[in-house]
1. Quick one: Gln304 ticks every box in (1) crowded, with 16+ Cβ neighbours inside 10 Å; (2) closer than 23 Å to Ile28 by Cβ; (3) modelled with pLDDT of 95 or more bar one, so which box is it?
2. Looking at the range 63-87, which of its residues are in a helix (DSSP H, G or I) and either surrounded by fewer than 17 Cβ atoms within 10 Å (Cβ to Cβ) or more than 25 Å from the chain's Cα centre (by Cα) (or both)?
3. I need every pair where a residue in the range 144-164 that is surrounded by fewer than 17 Cβ atoms within 10 Å (Cβ to Cβ) and part of a loop (DSSP other than H, G, I, E, B) has its Cβ under 7 Å from the Cβ of a residue that is among the acidic types (Asp, Glu) and at pLDDT 95 or above, sequence separation at least 6 or different chains.
4. Suppose we filter Val61, Val18, Val31 for residues that are without any contact (Cβ under 8 Å) to a residue 24 or more places away in the chain, β-branched (Val, Ile, Thr) and not assigned by TED's automatic domain parsing to the domain that holds Phe381; which single one remains?
5. Would you be able to say whether some residue in the range 184-196 is aliphatic (A, V, I, L, M), in contact with a strand residue (DSSP E or B) (Cβ under 8 Å, 6 or more places away or on another chain), at pLDDT 95 or above and within 25 Å of Asp142 (Cα to Cα)?
6. If Ile141 satisfies all but one of (1) part of a loop (DSSP other than H, G, I, E, B); (2) without any contact (Cβ under 8 Å) to a residue 60 or more places away in the chain; (3) within 30 Å of Ile377 (Cβ to Cβ), what's the number of the condition it fails?
7. Please verify whether the range 194-211 includes one or more residues that are more than 18 Å from the chain's Cα centre (by Cα), more than 22 Å from Thr157 (Cβ to Cβ) and in a helix (DSSP H, G or I).
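The values are calculated or read from the model by the stated rules, or taken from the named source; none is laboratory data. As the structure is a computational prediction, the values presented were derived from the model and not from experiment. With ideal geometry, Cβ positions are generated from the backbone for all residues, glycine too; neighbour counts draw on all protein chains shown.
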Amino acid sequence: MIMSCETSMKIMTTPSLVSKHPKMGTTIFTVMSALAAESGAVNLGQGFPDFDCDEKLVSDVTAAMQEGLNQYPPMTGVLPLRQAVSEKIKTLYGHQYDVNTEITITAGATQAILTIMLAVVHPGDEVIVLEPCYDSYVPNIDMAGGTVVRVPLTPGTFRPDFDRIQAAICPKTRAILINSPHNPSGMVWRHEDMLKLQEILAPTQVLLISDEVYEHMVYAPLQHHSASSYPGLAARAFVVSSFGKSYHVTGWKVGTVAAPVALTAEFRKVHQFNVFTVNTPVQHGLARYMKDPQPYLNLPAFYQRKRDLFRAGLARTQFKMLPGEGTYFQCVDISELSVPEKNLGESEFCKWLTKEVGVAAIPMSAFYGDSFDQHVIRFCFAKKDTTLNAAIERLSRL
């Protein structure tokens, strides 16, 4: 039977869809990276290193492949890596997580946080996020059917406002998501901050999601305070971390979730069906590499030197630097900058900076639901010295 052209066209028509997520668009990182490439700009926007990881780590992964460790690992992650993670947390933060029931290896921190939301957030549950916040948090809550409750960090300092946090907690609150060291501002929570959060949450059933992917990037004299160090927080917390950030391998997308038995059991119900498990030889390679703690113990000094190099260069410009306490990001205030294009908001300034000066940055307003503009932009200094010096040379023309 020969179909008519009209019939054939009808068969080939793609069904129409009503978008489940009509407000989700392309991330600011994709937009600015594309503009940087188009403009030939030095890309200090997206947060990843432009230098190689340790050759030994690559050798450890290669050896695992060559040994035939290439089939499915356990859903929870290979035992040697879970043991290494548990031992590291106990040594650094004083809390013992059971390797079989409380540690799970994930496909990066982003997958971990989405899986947490899908596991514990019911439709209508409220989840508190502290703005500015990493761009995946809100979509993750939306996809789980939860309601986002935005609580602003203090403008300028980005310190937690505990009066506002406490006021936001209600019977519908299912969880609060915190991030220290904080992306995008670089702010680091203090010991007294963690104690105050523990006090506020104590009489509630609110869960804590603690995003600690930059745990090894805290600069002297400060130190990282993990939720796992505080019994009242650890008992209700999913603690998330990332090998990609700690070992300069962001493209490998491997992370961890540490949580009490009951929370881990719910987490794994979702984990087994949305990702099942994570790359086998990479897990074995990481487990072998973690036998030496020096790479992550030396990381603060490694990045503090880069931070200081970049800040010294910025000191010769009109940018007003905000404190760089942690992460590999440096934020600057642009409100007093003299530029040909007057009265630019953060987003337009970043586009102008990329095209006209040749350095890409990220506007802080991109991390707020209402695009709050406080004349602050963010640079990433996880780059080769030559890259940082090239950026500084261009920025010094301002």
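1. If we test Gln304 against (1) crowded, with 16+ Cβ neighbours inside 10 Å; (2) closer than 23 Å to Ile28 by Cβ; (3) modelled with pLDDT of 95 or more, just (2) comes out false.
2. Ala63, Ala64, Met65, Gln66, Leu79, Pro80, Gln83, Glu87
3. Thr154/Asp161
4. Only one candidate passes the filter, namely Val18.
5. For the range 184-196, residues aliphatic (A, V, I, L, M), in contact with a strand residue (DSSP E or B) (Cβ under 8 Å, 6 or more places away or on another chain), at pLDDT 95 or above and within 25 Å of Asp142 (Cα to Cα): absent.
6. (1)
7. Yes.
Here is a yes/no grid of residues against (1) in the same structural domain as Ala382 (by TED's automatic domain parsing); (2) out of contact with any strand residue (DSSP E or B) (no Cβ under 8 Å at 6 or more places or on another chain):
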{"residue": "Tyr219", "(1), (2)": "no, no"}
{"residue": "Ala234", "(1), (2)": "no, yes"}
{"residue": "Ala237", "(1), (2)": "no, no"}
{"residue": "Arg316", "(1), (2)": "yes, yes"}
